[in-house]
1. I'd like the full set of residues that are of a type in the set (Asp, Glu), touching a residue at least 24 places away in the same chain (Cβ under 8 Å) and outside any strand (DSSP E or B), limited to the stretch 79-135.
2. Which condition does ILE2 not pass, out of (1) at pLDDT 50 or above; (2) of a type outside the set (S, T, N, Q); (3) not in a strand (DSSP E or B), if it passes all the others?
3. Tally the residues that are more than 15 Å from PRO105 (Cα to Cα), in contact with a Phe, Trp or Tyr (Cβ under 6 Å, 6 or more places away or on another chain) and buried (at least 18 other Cβ atoms within 10 Å of the Cβ), restricting the search to the stretch 65-86.
Amino acid sequence: MINLFRVCALSAASALGVLFLASAPQAADNPCHQHYPNIEGRVLLENDEVVVQHFVFPPGVWEGVHTHPSNQVFIHIRGGQWTERYGENVSTGIWETGTVGWQEPVGLEADHDSMNSGLEPIELIWVTLKDGCVE
């Protein structure tokens with residue numbers, strides 16, 4: 001059994017430590033990578049247990065309908081105003097810098113999309129747990 005706190009803490013520390021170092025572009029065809037049709041991300045760390053990715057969301061750009069491939073932890077490196085859509089349900093909220101949260105898997109049937117609805121870029125780290133992902 002994976003010690004979730006340990007994996008997330010180590011992964012987040014590793015990700016933050018290499019945030020501004022060279023990193024590889026994400027592979028859209030890897031089912032354990034978070035993929036957005038309209039936003040490019042960077043893989044910061046990948047091992048047998050997790051994938052850690054960094055994204056910058058410019059203001060006013062919808063990510064495109066997407067999935068969340070497995071259980072995930074997110075870390076707002078730079079927060080802001082976020083608008084989220086699941087089908088016809090739309091909500092907007094403020095995510096403060098430093099906010100950490102949990103995202104359960106989301107399939108395409110949820111018709112899920114999000115956007116930075118603020119005025120400044122939002123920076124986000126996704127830690128995807130590979131347990132539950134099909135590679």
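The values are calculated or read from the model by the stated rules, or taken from the named source; none is laboratory data. Just so it is clear, the model here is predicted, and its values are computed rather than measured. Because the Cβ atoms are built from the backbone with ideal geometry, glycine has one as well, and the counts that use them run over all protein chains shown.
1. GLU104, ASP111, GLU120, GLU135 - these are the residues of the stretch 79-135 that are of a type in the set (Asp, Glu), touching a residue at least 24 places away in the same chain (Cβ under 8 Å) and outside any strand (DSSP E or B).
2. (1)
3. Residues that pass the stated criteria total 2.
Okay, residues lined up against (1) out of contact with any Phe, Trp or Tyr (no Cβ under 8 Å at 6 or more places or on another chain); (2) of a type outside the set (S, T, N, Q); (3) surrounded by 12 or more Cβ atoms within 10 Å (Cβ to Cβ):
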site	(1), (2), (3)
GLU88	yes, yes, no
THR97	yes, no, yes
GLY107	yes, yes, no
SER114	no, no, yes
ILE122	no, yes, yes
VAL127	no, yes, yes
LYS130	yes, yes, yes
